[in-house]
Amino acid sequence: MGIRDWLGGKRGVDREIQEMMNPLIAWRLQHFVAFPRNEDGYVRHYFQFLDKERVRVEFIVFYHETLGGLEQQHTAYRKAPEESYGLLSQRGPWSMAIGFLTDLGRTLPTNTQPIQGHHVLGVSVGNRRRDEQAEEPKSPHQWQRTTAPQPEPEPEDAEEPDLDGFEIGEILQFKPFDAMARIVDLEPFEGDGDDTYRFVIEFPDEEAELRVPVTKLRNLMSRQSRVHTDEELADLDEEEDDRPIMERHGFKVDEYVVYPEHGIGKILAIEQQDIAGAKLELFVINFKTANMTLRVPTAKHQAIGMRRLADEL
């Protein structure tokens with residue numbers, strides 16, 4: 001039985017007490033990556049969370065492969081803006097959180113970040129074989145950090161993407177939403193025409209993210225509420241149809257959700273279809289373990305019991 005089942009089965013246990021024993025249940029999972037066995041003999045599971053203050057917190061769980069499966073050995077931890085990891089005590093106040101991470105690593109379906117070039121490849125707690133043969137065993141808190149393998153350098157003639165005058169980290173004022181936002185990342189994607197990169201924009205007050213193609217951000221920011229002519233409204237409707245839908249009813253593209261009949265899936269897109277002259281909006285959900293992609297009407301999410309994976313944590 002996992003730690004979440006144990007906590008959930010105790011009647012009368014207050015939520016604050018649960019979070020005191022294991023703060024991870026109130027944090028939001030951002031990324032998970034499972035790394036195969038490295039030269040040092042360990043398998044690694046990487047977790048990235050946002051805590052209640054939206055500060056990035058990272059864990060690396062080190063496993064040793066045995067005949068009975070993976071055996072947890074060490075857990076490393078760091079909190080932004082720290083650059084180095086430290087080892088957590090297996091029997092200290094983090095013991096319940098470490099058990100929670102071990103259970104979670106067995107159930108998450110897929111990696112959310114690529115393995116190649118990941119910084120976790122450069123974090124080590126020493127070579128297991130050397131540790132076992134040493135005359136004096138190492139302290140469980142001794143660890144070292146090596147340089148992570150660097151990705152292949154890009155060709156010298158590779159052009160930097162045109163950001164249309166914007167910068168990563170820039171603060172934006174969105175007139176259509178009357179909200180402040182911040183550009184936190186730039187990611188490649190397959191768009192139409194010249195759209196090959198898009199900004200990842202974060203709204204701190206709303207705890208929401210928006211992904212906008214670079215070529216469309218300036219036009220989106222400049223929109224203001226006013227009275228339009230019929231021709232202008234038609235042009236705006238046509239323009240809106242071209243913009244990707246990134247969020248509906250609190251569910252976002254690239255987010256993992258729990259679907260009662262099929263388990264954990266990933267929202268690949270939110271698309272519109274014309275059916276009998278009416279527009280129907282659909283979540284496109286991929287279930288990797290079942291090798292299946294399902295389209296679900298967005299308006300039916302409550303009726304089918306669909307919920308966010310982050311809410312399960």
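The values are calculated or read from the model by the stated rules, or taken from the named source; none is laboratory data. These numbers come from a predicted model, not from an experiment. We place every Cβ from the backbone using ideal geometry, glycine too, and count neighbours over all the protein chains shown. The protein model used for the area step is the full one, side chains on, heavy atoms only, and it has no ligands, DNA or RNA in it. Shrake-Rupley method; radii C 1.70, N 1.55, O 1.52, S 1.80 Å.
What do you reckon, is Asp311 modelled with pLDDT under 90, closer than 23 Å to Phe49 by Cα, among the acidic types (Asp, Glu) and touching a strand residue (DSSP E or B) at 6+ places or on another chain (Cβ under 9 Å)? Yes; evaluated as a whole, the condition is true for this residue. The set of residues in region 91-111 being under 20 Å from Asn286 (Cβ atoms), touching a Phe, Trp or Tyr at 6+ places or on another chain (Cβ under 9 Å) and hydroxyl-bearing (Ser, Thr, Tyr) consists of Thr110 alone. Scanning region 84-99 for residues that are surrounded by fewer than 17 Cβ atoms within 10 Å (Cβ to Cβ) and in a loop (DSSP other than H, G, I, E, B) yields Ser84, Ser89, Gln90, Arg91, Gly92, Pro93. Hey, among the residues in region 57-75 that are open to solvent by 30 Å² or more (accessible area, probe 1.4 Å) and either hydrophobic (A, V, I, L, M, F, W, C) or under 16 Å from the mean Cα position of the chain (by Cα) (or both), which one's nearest to Pro204 (Cα to Cα)? Ranking the candidates gives Leu70 first.
Among residues of region 161-172 that are farther than 15 Å from Val212 by Cα and open to solvent by 60 Å² or more (accessible area, probe 1.4 Å), none has a beta-carbon under 6 Å from a residue that is part of a loop (DSSP other than H, G, I, E, B) and small (Gly, Ala, Ser) at least six positions away or on a different chain.
Has region 101-108 got any residue that is more than 23 Å from Gly265 (Cα to Cα) and not in a strand (DSSP E or B)? No, that holds for no residue. Candidates in region 2-29 are the residues that are open to solvent by 50 Å² or more (accessible area, probe 1.4 Å) and closer than 26 Å to Thr112 by Cα; of these, the one that is modelled with the lowest pLDDT is Arg4.
In region 76-83 there is at least one residue matching the filter, namely being under 18 Å from Ile25 (Cα atoms) and either of a type outside the set (Lys, Arg) or open to solvent by less than 50 Å² (accessible area, probe 1.4 Å) (or both). Checking Arg54, Arg78 one by one, the residue that is modelled with pLDDT of 90 or more, outside any strand (DSSP E or B) and under 24 Å from the mean Cα position of the chain (by Cα) is Arg54 and no other.
Given the structure, is Phe251 at pLDDT 85 or above, at negative phi, touching a Lys or Arg at 6+ places or on another chain (Cβ under 7 Å) and of a type in the set (Phe, Trp, Tyr)? For Phe251, the condition - at pLDDT 85 or above, at negative phi, touching a Lys or Arg at 6+ places or on another chain (Cβ under 7 Å) and of a type in the set (Phe, Trp, Tyr) - is met. The set of residues from region 242-266 being under 22 Å from Lys279 (Cβ atoms) and either open to solvent by less than 70 Å² (accessible area, probe 1.4 Å) or not in a loop (DSSP other than H, G, I, E, B) (or both) comprises Asp242, Arg243, Pro244, Ile245, Met246, Glu247, Arg248, Gly250, Phe251, Lys252, Val253. Taking region 37-51 as the range and being within 18 Å of Asp103 (Cα to Cα) and in a loop (DSSP other than H, G, I, E, B) as the test, only Tyr42 passes.
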